[in-house]
There are 2 protein chains.
Amino acid sequence: MSEPINQKDDEEKGGVHYKVIGSRPLAQDAVDKSTGRAAYTGDIKLPRMIQGKILRSPHAHARIRSIDTSRAEALTGVLAVVTWRDLWPAKDLANQERVKPRYSHFRDSYFARHKALYCGHPIAAVAAAEPWLAEEALKLIDVDYEVLPPVLDPLRALEKDSPILHEDNIPKEGRPGVGGNVAFRVENLKGDPETGFAQAEVIVEREFRIGTIHQGYIEPTAAVADWTSERQLKLWSSTQSVFFVRRDVAELLPIPMAHIQVIPTEPGGSFGGKSAAFLEPAAALLSRKSGRPVRMVMSREEVFTATVPSTGCFIRVKMGATRLGRITAATATMIFETGAYRGLSWAAGGARLMFAPYDIPNGRIEGYDVFVNKPKSGSFRAPNAPQVTFAYENVIDELSEKLGLDPMEFRLRNVARQGTRKIDGLVYPRIGFMETLQAAMKTDHYQTPLQGPCRGRGIACGWWPNNALQSTCSLGVNDDGSVNLITGSIDVGSNARTAIAMQAAERLSIPLAEIHPLTGDTSSIGYTATTGGSRTTFATGIAAITAADELIRRMRERAALLWNIDSSTVAYGEGTFTTDSDPAKRLTFKEVAAQVLSTGGPIFVTASLEPKGVGSAVSVCLVDLEVDPETGKVAILRCTSIQDVGRAIHPGHVEGQIQGAVAQGIGRALSEEYQFDDQGRLLNRSFLDYRMPTATDVPLIETVLVEVPNPGHPYGVRGVAEPPVVPPPAAVAIAINRALGIRLFELPMTPERVLRAMGKLG
Amino acid sequence: MSEPINQKDDEEKGGVHYKVIGSRPLAQDAVDKSTGRAAYTGDIKLPRMIQGKILRSPHAHARIRSIDTSRAEALTGVLAVVTWRDLWPAKDLANQERVKPRYSHFRDSYFARHKALYCGHPIAAVAAAEPWLAEEALKLIDVDYEVLPPVLDPLRALEKDSPILHEDNIPKEGRPGVGGNVAFRVENLKGDPETGFAQAEVIVEREFRIGTIHQGYIEPTAAVADWTSERQLKLWSSTQSVFFVRRDVAELLPIPMAHIQVIPTEPGGSFGGKSAAFLEPAAALLSRKSGRPVRMVMSREEVFTATVPSTGCFIRVKMGATRLGRITAATATMIFETGAYRGLSWAAGGARLMFAPYDIPNGRIEGYDVFVNKPKSGSFRAPNAPQVTFAYENVIDELSEKLGLDPMEFRLRNVARQGTRKIDGLVYPRIGFMETLQAAMKTDHYQTPLQGPCRGRGIACGWWPNNALQSTCSLGVNDDGSVNLITGSIDVGSNARTAIAMQAAERLSIPLAEIHPLTGDTSSIGYTATTGGSRTTFATGIAAITAADELIRRMRERAALLWNIDSSTVAYGEGTFTTDSDPAKRLTFKEVAAQVLSTGGPIFVTASLEPKGVGSAVSVCLVDLEVDPETGKVAILRCTSIQDVGRAIHPGHVEGQIQGAVAQGIGRALSEEYQFDDQGRLLNRSFLDYRMPTATDVPLIETVLVEVPNPGHPYGVRGVAEPPVVPPPAAVAIAINRALGIRLFELPMTPERVLRAMGKLG
């Protein structure tokens, strides 16, 4: 556990020494989590609770002629059956579609109506007293399918004669390129790429294919619904965002948001994959129909086939540079699978990330989201970034090779800095590319030569913009001086609750142990966006700091009241209220707290905001590996992740984030991939067949925390969870090149693909 | 359902017509309550939950030589046993007693240490998998008692040779009269009573005895504790105040308040009797020791013997008046049983209430709280008020009889008005004694003569100050325009949540159905005092109104942002935002709500306050009855309750409050009373033997709502729940006098006592 490398530390802190920030206290939930007492959604057991199961399409592409649930409904012990017909009353349907056309896709993705668009597409849901009985009932639902040819490859989806998933996706004016299987298209242009390439003395152009992978969280998606009365639907949800779940349920059913109370449980991993409602709407409908609490838990197979995996894609990158090592132009074409339905635009996200670490004078980035008969794509830790970084960093490495330049030297000659304008138009504020690359070069790892046959070292650099969005934090001070802190931010296992409490403790100048952080449900705390985009320690942290400032302001008023002086003369610091007007007057935080109720009523404050000033982050990955020339298997020997974290609130937890992310990056690099048959059926739908790295595949990840404070946060916080997942696949590919002298352009780099690239598989 | 009689309605409302206030919508919890879906504490079922039981003293007064729990602990299946030793670690005990001497009584009342002071006093608690097993284990706890003579009568307690309950209650300087069995003494003096009596031409002096009664809530006291980790104790509690429970648990264990999350359930009745922790501390200790969730539910016998019944008392009242019917002096001596331990001062409360409706020029009120070997006394709907009102209204009636004046005429000649100074020094603000008495005289009931043998009509007038205390309300506006309203106020069945939501709806100018009210737990909402003292619709209502005003202010800012104008030019009314600067600009509440998240972040506001301006309330009870001369049984023929309610937010619910309160007043008048044997053992400890009125005992109560708005509340609200319980016992006694020509001075006026007063029982 190295201490963070503080950049210009004294200057930034102004000589302030933090008491809580930068320390490594035990996480607030450490005891619960390690003793098994933390409550996950699967632990929710309600009286009279029954079990729900979902019937899913066995076909990747099929027209649905009819759905007949009558036999299932007639089965003794079946308490409710629901289909798309239950999402909205029939009489409202036409009207809703007129008012909110986009929702017809949203709704059809939830329960298939006219077409099933992927293997696993929900058709109906059944609730019964026992799970096996619900499963029996599923078999009694008669669905008449007309099977259609599936579209599984994003390039095939673009061909003129490809089957079309959504017949209503017709070309529209003002949206060039969209229509057919193209859901969205983006194009960013800076300067004149053609002129740029004309100036280039070396040009590299490569095509990359990146497979679909899953977030691989341990806890299967789960929900419990209890529709206690017409106006009160309680939902317990394994989610990153109780408010996103509430929104989805409110729109799908539809019912007023205020009638829905989504109660957070501890999510057992999520990584971007639990930011929407999955089982909750079905559980709610089943609960309403049966009058019982309904529990639903996905099997692992359902998790793989019917949640939102990370998008597979095709990327073509072309870059040119002068002999002096200055990049003159770069272009990229990206085709992202959006799956059967459109969610976020992966093309738009990827366009923002492509070439991000470099100052590109002339560039064009073109991206497409295309429909394929696979589950809808979703976010996974720094979505799109590992994919595009794999592409551009491999080309950067090959360019530097062709130029005869050390790749780090080449990077440093082209690195983006404060003021650099990206191809998408963003002008970087203070940004730590240079500092992080330099820190990487100073590591023991970088300085220690690697030797041996079939061994290689790779280095790659990635960027992640991070996110802000809306957060709410409430603080209440108790008689005994303890403080309740409530946010709407789910702690997804990232120790966000501790990081937020530490910021509040620092600001309130009280011990961390005096603050008790809890996550509120959707009814008891203000709107707070998902724990995602590495936003929580930043944005909810600012909400906590803002609330703490208001709490102190009100307590100063109370001290002033007790002293019968003007509150403007009361100061607070080091846990003590003082006044210039009389040095003898001193009241501790606890002393004022004890008199709050008798001096004008309770103090309970809320900060609800959307902060500006999010700080993007840079990550560099340095990896040593060895390839077994007989089997093609890659063993990671050593790995160091260097990251600009802005300010590490809890360095130990930041290191943990980095280590976990790098492990996931190694999984994407070497072994993880969805494998479909030609009918669009997922073949590897268990953890046995879908190969995530285990402890034997990943060495202890070394971490280097670089602290270039983000001026947009009072303590300099940048999001830290996503950036370290970005560069590992590129670094691994470059290391394989050093080991074998060959380049791989496809992820994951499985033993089979390595052997094939080595020419050993014919 | 008569409409309220609005006093000077137009003047007060300033011509405003309310849209929500004064209407009679379905209560927010009506469906849940009537379909059995509302969750009470007994409905909480947690995985691995075990059951706790309490060993109680069989002696009313005994020294405890030793408590040996070893045999119980050794019983297979017993998971935890706790006694007073578990409340504090032994090493802290001496220190705590030094720092907080008053807590030694508080703690000893919770688990007896050196002495057991009433039959039912907790000695130990046991948790086991099954309740019967826990009960078996209780039998294995060996307690060595030295039985002492009990003190059961408050007058006996004051005698010099009486046994003493608390040897440490020694006389202290500055507290005259306190010491021995006297816990507290109060004396209020106004003018010169001796001179006043000298001016009187008629004097009446009477002594009254009022029995102990129970609140008689249907749901037995219950608690579930789940100590999920060192820093997180979850409690589900059948309580009127989650914050009071938290305070008691925090002080008893002791642990920081922030570590305790008390989660409200629907209380199945409370009436003042559930404002403190009962089973929660024991359940918490058992949960900590066993590592399991622990459920505890009292038997009805435990509810009667070991909760906090309404104090029995002895009262002597003397009043004098001139022939012209002007009261010249009044004195009272009140001796209240505080039970085995001291809680609130009943003497102080009673002194505030004595003679309240009348303008007394010279008066003295002396009150004592005395220890007796009975359960600690507690609040019951308008605590002390029915007792003292029974005394003074009977004397008022007898005085008017001796003066030959109509009792209403006598009252009107002496009624207190705005500016009248009470004996305790309070000067009445605007107060509706006159209006309420006049309204009573205008009722059909008053105007209709009563005829027949053994029939009589009584009328009595009572006052209740109501209470304010601290309240918190949060409001959050959702994308779809629905609004979440969260308070810390428990809805004890009084429909407080609807009354608060109605005030918010009125202020926000949106339909009530758009507001969804919920009760927060102690961690997610700011401190809010108990639902008691008829404070909730008043004080939490003001918090809701204050929060609503802030919500509108912030939404005006957002409308201004959307219009790019200054927010000071934006007005809101009738559900629409408008601006003088451009009459074409109009945005509905829903339209602004939909754009809140995109115009600066969520809007979630909190008002935490202690309002001034509580409005006291007047109630008049008019009762017709018939006495069976053979059995002495009294049948209530007709009863009308007339009350100054300030402003009836929901007239139907106010009427319900009045009807329920009058029924309880009739119970106190005629049948309810604790009966002890000479060893202090409660004899009637079931609903079969403790006789509460049933539907056959109480006619449909007629109600008249008088609205003299309270200027301290934006809509004029006065507390309404307690005043109507105050006058019925006095009214019934006066009616019995009219029926039989005899006076009774003891409550309840059972058939036996009626017969005895009639001379029929020798």
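Roughly what would the spin-label model give for A:ASP677 and B:ARG85, points 7 Å off Cα along C-beta, in nm?
Reported label-point gap for A:ASP677 and B:ARG85 is 6.9 nm.
For segment B:468-609, give me the percentage of DSSP beta bridges that are antiparallel, rounded to the nearest 5 percent.
80
Sort the following peptides by mean Cβ neighbour count (other Cβ atoms within 10 Å, averaged over residues), highest first: A:151-157, A:621-627.
A:621-627, A:151-157
For A:ARG206 and A:VAL31, what is the calculated FRET efficiency with R₀ set at 41 Å and r taken between the beta-carbons, to the nearest 0.05?
0.25
Dipole magnitude of segment B:468-609 about its Cα centre, charges +1 at Lys/Arg Cβ and -1 at Asp/Glu Cβ only, in debye to the nearest 20?
160
Modelled label-to-label distance, A:ARG430 and A:GLN418, 7 Å Cα→beta-carbon offset: nm?
My value for the distance between the label points is 0.6 nm.
Can you give me the three principal axis dimensions of segment B:468-609 from its C-alpha atoms, in Å, biggest first?
Extents along the principal axes: 49, 26, 23 Å.
Can you pull the one-decimal nm distance between simple spin-label points at A:GLN199 and A:ARG323, each 7 Å off the Cα toward Cβ?
1.7
Name the residue farthest towards the positive end of the dipole of segment B:468-609 from the options B:GLN595, B:ILE490, B:SER509, assuming +1 on Cβ of Lys and Arg, -1 on Cβ of Asp and Glu, about the Cα centre.
Looking along the dipole axis, the top candidate is B:ILE490.
By DSSP, what percent of the beta bridges with both residues in chain B are antiparallel, rounded to the nearest 5?
Values: 96 of 127 bridges.
The antiparallel proportion sits near 75 percent.
Determine the shielding of peptide A:158-169 by partner chains: average, over its residues, the number of Cβ atoms on other chains within 10 angstrom of each Cβ.
If you average over the peptide's residues, the count of other-chain Cβ atoms is 0.
Rounded, prolate or oblate: which fits segment B:583-637, taking a ≥ b ≥ c as square roots of the Cα gyration tensor eigenvalues, rounded meaning a/c under 1.5, else prolate when a/b beats b/c?
On the way: a/c = 4.38, a/b = 3.40, b/c = 1.29.
Note, shape of segment B:583-637 comes out prolate.
Using DSSP H assignments, which helices in chain A have an axial alpha-carbon span of 24 Å or above and a mean Kyte-Doolittle hydropathy of 0.0 or higher?
A:541-563, A:651-670
Considering just Cα atoms, how many Å³ per residue does the convex hull of segment A:114-206 enclose?
210
Evaluate the protein assembly as shown: find the radius of gyration of its Cα atoms, find its Kirkwood radius, and give the ratio Rg to Rh.
Numbers: Rg = 37.4 Å, Rh = 36.1 Å.
A ratio of 1.04.
Looking at the protein assembly as shown, send over the antiparallel percent of its DSSP beta bridges, to the nearest 5.
Restricted to the protein assembly as shown, the bridges split so that about 75 percent are antiparallel.
Which FRET efficiency value, to the nearest 0.05, do you get for A:ARG743 and B:ARG586 by plugging their Cβ-Cβ distance into 1/(1 + (r/R0)^6) with R0 = 45 Å? Intermediate values should be presented prior to the final figure.
Working: r = 63 Å, r/R0 = 1.40.
E(calc), rounded to 0.05, equals 0.10.
Let's see if you can work this out: charge +1 on each Lys and Arg Cβ, -1 on each Asp and Glu Cβ, no other charges. What is the dipole magnitude of the protein assembly as shown about its Cα centre, in debye to the nearest 20?
Dipole magnitude for the protein assembly as shown comes out near 160 debye.
Below 8 Å, C-alpha to C-alpha, sequence gap of six or more: please give me the relative contact order for segment A:468-609 in percent.
Averaging sequence separation for qualifying contacts and normalising by length gives 34 percent for segment A:468-609.
From the square roots a ≥ b ≥ c of the eigenvalues of the alpha-carbon gyration tensor of chain A, which class results: rounded (a/c under 1.5), prolate (a/b over b/c), or oblate?
It is oblate, given that a/c is not under 1.5 and a/b is not larger than b/c.
Quote the relative contact order of segment B:155-299 in percent (integer), defining contacts as alpha-carbon pairs under 8 Å separated by 6+ residues.
On the way: 205 pairs, mean separation 32.7, N = 145.
Normalised by residue count, the contact order of segment B:155-299 is 23 percent.
Multiply the residue separation of B:LEU155 and B:SER509 by 0.36 nm, subtract the distance between their alpha-carbon atoms, and state the gained length in nm to one decimal.
121.7 nm
Looking only at other chains, what is the average number of their beta-carbon atoms within 10 angstrom of each beta-carbon in A:470-476? Numbers along the way, then the final one.
Working: counts 7, 2, 5, 1, 8, 1, 12.
Mean shielding by partner chains, rounded to a whole number: 5.
Shielding by partners for B:485-497, please: the mean number of other protein chain Cβ atoms within 10 Å of each residue's Cβ. Could you put the intermediate results ahead of the total?
Working: counts 2, 5, 0, 3, 0, 0, 0, 0, 0, 0, 0, 0, 0.
Counting Cβ atoms of other protein chains within 10 Å of each residue's Cβ and averaging gives 1.
I need the peptides A:69-80, A:492-503 ranked by packing, meaning the mean over residues of other C-beta atoms within 10 angstrom, with the highest value on top. Working shown, then result.
Working: A:69-80: 16.2, A:492-503: 26.4.
Ranking the peptides A:69-80, A:492-503 by packing returns A:492-503, A:69-80.
At a threshold of 8 angstrom on Cα-Cα distance, excluding pairs fewer than six apart, so keeping six or more, what relative contact order does segment B:600-651 reach in percent?
Numbers: 44 pairs, mean separation 16.8, N = 52.
That works out to 32 percent.
Would you calculate, for chain A, the mean residue ellipticity at 222 nm contributed by helices, counting each DSSP H stretch of 4 or more residues as -39,500 (n - 2.57) and dividing by all residues, to the nearest 500?
-8500 deg cm²/dmol
Cα centroids of segment A:541-559 and segment B:476-497: how far apart, whole angstrom?
25
Throw me the Rg/Rh for segment B:618-762, computed over C-alpha atoms with Kirkwood Rh, two decimals.
1.05
Placing +1 on the Cβ of each Lys and Arg and -1 on the Cβ of each Asp and Glu in chain B, which of B:THR519, B:TRP346, B:ILE542 has its Cα farthest towards the positive end of the resulting dipole?
Checked the options; the winner is B:TRP346.
For segment B:319-474, what class follows from the C-alpha gyration tensor (a ≥ b ≥ c being the square roots of its eigenvalues): rounded when a/c is under 1.5, otherwise prolate if a/b is larger than b/c, else oblate?
Prolate is the answer for segment B:319-474, as a/c is 1.5 or above and a/b outweighs b/c.
About the Cα centre of chain B, what is the dipole size in debye to 20, counting +1 per Lys and Arg Cβ and -1 per Asp and Glu Cβ, all else neutral?
960
Within 10 Å, count the other beta carbons around each residue, average over each peptide in B:679-692, A:647-660, and list them highest first.
Values: B:679-692: 15.9, A:647-660: 23.4.
Top of the packing list down: A:647-660, B:679-692.
Each reported figure results from applying straightforward, stated rules to the coordinates on display, with no laboratory input. Here the structure is a predicted model, which is why all the values come from computation and not from measurement. Note that each Cβ is placed from the backbone with ideal geometry, even for glycine, and that neighbours are counted across all protein chains shown.
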